[in-house]
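Peer 1: This is the structure I have questions about; it appears just below.
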């Protein structure tokens, strides 16, 4: 079967990598995503902080992937191209563990997207048809090809192939009528959840004889696994007298409080951040986000970095197949594109 029209479900890194390679090879690609924006877990939240005597202040919080590293030559080469286009920048975060001496940065190169975390995916998807706010509810195989149906959907049928680039628990529901094997394999993949706190406080390091010597803190105990100074990242706004925080809860704490009300989770995480920093904070803004499928729990790539059924024209990619993280998602999406192209 000659493949010319492809639907990609999911506009995160895996979906974007797959779509870009297919489009560059001359295929007609359409991307669908349930969110209003692009990027998936490469996400940035925006908010407004009212000001008394000046214009309101726009806040940004990279509340998904805080940064990522490159360890393979192909991914590093791709990022160098993106860097030349202003879509990413290298960053060496200063790391501090509360129970240990300051830790040296990773030997791998660290990166953040510009001007926000979805910026890299937006750059990758330039010139490709993208529909956001579309929740795909079902896939139907017809003589004329695949049809996609769901909420907020435009007419979407006649696709020769479908690439599913969403968390495995969500993908399993789409595959169930078509492949019991993939459904079972997807259900066996565990994606850990994460509550994330985003906030602005008065800067605690403005006190005499104190100063910020780190960008990333890993608390030794308590509900938090990672604290990031958002305003210390390249390309992110900083304001005198303020500290902008993104704090990720541990997997264990999140699983214990997965169904907690947002207000309750926020109060607990604010208290945990104050404890990790060693004192009370003056809060100007705070909000939380619950990632139900935040991070793949495996430690190595699957035996196949993507799934592809050429006879059905159905494929799957994602970080859970590529070894986790942004790089794993990119590798998996690229592998699926090459499988589709044969």
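Every number in this text was worked out from the coordinates using simple rules, so none of it is lab data. From a predicted model like this one, the values you see are computed outputs, not experimental measurements. Counting neighbours? That spans all protein chains shown, and the Cβs are built from the backbone with ideal geometry, glycine included.
Peer 1: At a threshold of 8 angstrom on Cα-Cα distance, excluding pairs fewer than six apart, so keeping six or more, what relative contact order does the chain reach in percent? Could you put the intermediate results ahead of the total?
Peer 2: On the way: 743 pairs, mean separation 72.9, N = 342.
With pairs under 8 Å counted, the relative contact order is 21 percent.
Peer 1: Shifting gears a bit: Want the number for residue 25 to residue 81: 0.36 nm per residue separation, take away the alpha-carbon distance, what's left? All intermediate terms of the calculation are to be shown ahead of the outcome.
Peer 2: On the way: separation 56, 0.36 × 56 = 20.16 nm, distance 1.81 nm.
Fully extending the segment from residue 25 to residue 81 adds 18.3 nm.
Peer 1: Return, ordered by residue number, the residues of segment 158-193 whose backbone nitrogen is under 16 Å from a label point located 7 Å along Cα→Cβ of residue 144.
Peer 2: 158-161
Peer 1: Quickly estimate the mean residue ellipticity at 222 nm for the chain, helices only: each DSSP H run with n ≥ 4 gives -39500 (n - 2.57), and the total goes over all residues, rounded to 500. Can you show the working numbers first?
Peer 2: Details: 9 runs with 89 residues, N = 342.
Theoretical 222 nm ellipticity from helices: -7500 deg cm²/dmol.
Peer 1: R0 = 56 Å: FRET efficiency of residue 180 with residue 49, Cβ-based, nearest 0.05?
Peer 2: Details: r = 51 Å, r/R0 = 0.90.
The value I calculate is 0.65.
Peer 1: For labels at residue 94 and residue 57 in the simple 7 Å Cα→Cβ model, what's the distance in nm?
Peer 2: Each label point is offset 7 Å from its Cα along the Cβ direction, giving 2.1 nm.
Peer 1: Test of understanding: in a Gaussian network model of the chain with alpha carbons linked when under 10 Å, which of 259, 143, 327 would top the mean-square fluctuation ranking?
Peer 2: Answer for the Gaussian network model of the chain: 143.
Peer 1: Which one, 278, 235, 158, has the greatest fluctuation when you compute a Gaussian network model over the chain with C-alpha springs under 10 angstrom?
Peer 2: Looking only at 278, 235, 158, the biggest GNM fluctuation is shown by 278.
Peer 1: Working from Cα positions, state the angle (0 to 90°, nearest 10) between the long axis of helix 325-341 and the longest principal axis of the chain.
Peer 2: 10 degrees
Peer 1: Looking at the chain, send over the antiparallel percent of its DSSP beta bridges, to the nearest 5.
Peer 2: Bridges in the chain are about 75 percent antiparallel.
Peer 1: Compare 84, 161, 249 in a GNM of the chain, Cα atoms joined below 10 Å, and give the one with the largest fluctuation.
Peer 2: Maximum fluctuation in the GNM of the chain, among the listed residues, is at 84.
Peer 1: Any chance you could give the angle, 0 to 90 degrees and rounded to 10, that helix 13-24 forms with the longest Cα principal axis of the chain?
Peer 2: 50 degrees
Peer 1: Helix 262-277 against the longest principal axis of the chain: what's the angle in degrees, Cα atoms only, rounded to the nearest 10?
Peer 2: 50 degrees
Peer 1: Then there's this: Treat the chain as a sphere of radius equal to its Kirkwood radius over Cα pairs and apply Stokes-Einstein at 20 °C in a medium of 1.002 mPa s; give the translational diffusion coefficient in µm²/s, rounded to a whole number. Mind showing how you got there, number by number?
Peer 2: Details: Rh = 21.1 Å.
For these conditions, the coefficient is 101 µm²/s.
Peer 1: Would you report the distance distribution of C-alpha pairs in segment 49-89 as whole percents per 5 angstrom bin, up to the bin with the largest distance?
Peer 2: The distribution over segment 49-89 is 5, 17, 15, 15, 13, 9, 10, 7, 5, 3, 0, given as percents.
Peer 1: With the contact rule set at Cα under 8 Å and sequence spacing of 6 or more, what percent relative contact order holds for segment 108-164? Please report the intermediate quantities before stating the final value.
Peer 2: Details: 53 pairs, mean separation 12.2, N = 57.
That works out to 21 percent.
Peer 1: Between residue 5 and residue 35, what is the spin-label point distance in nm, taking each point 7 Å from the Cα along the Cα→C-beta axis?
Peer 2: About 2.8 nm, to one decimal.
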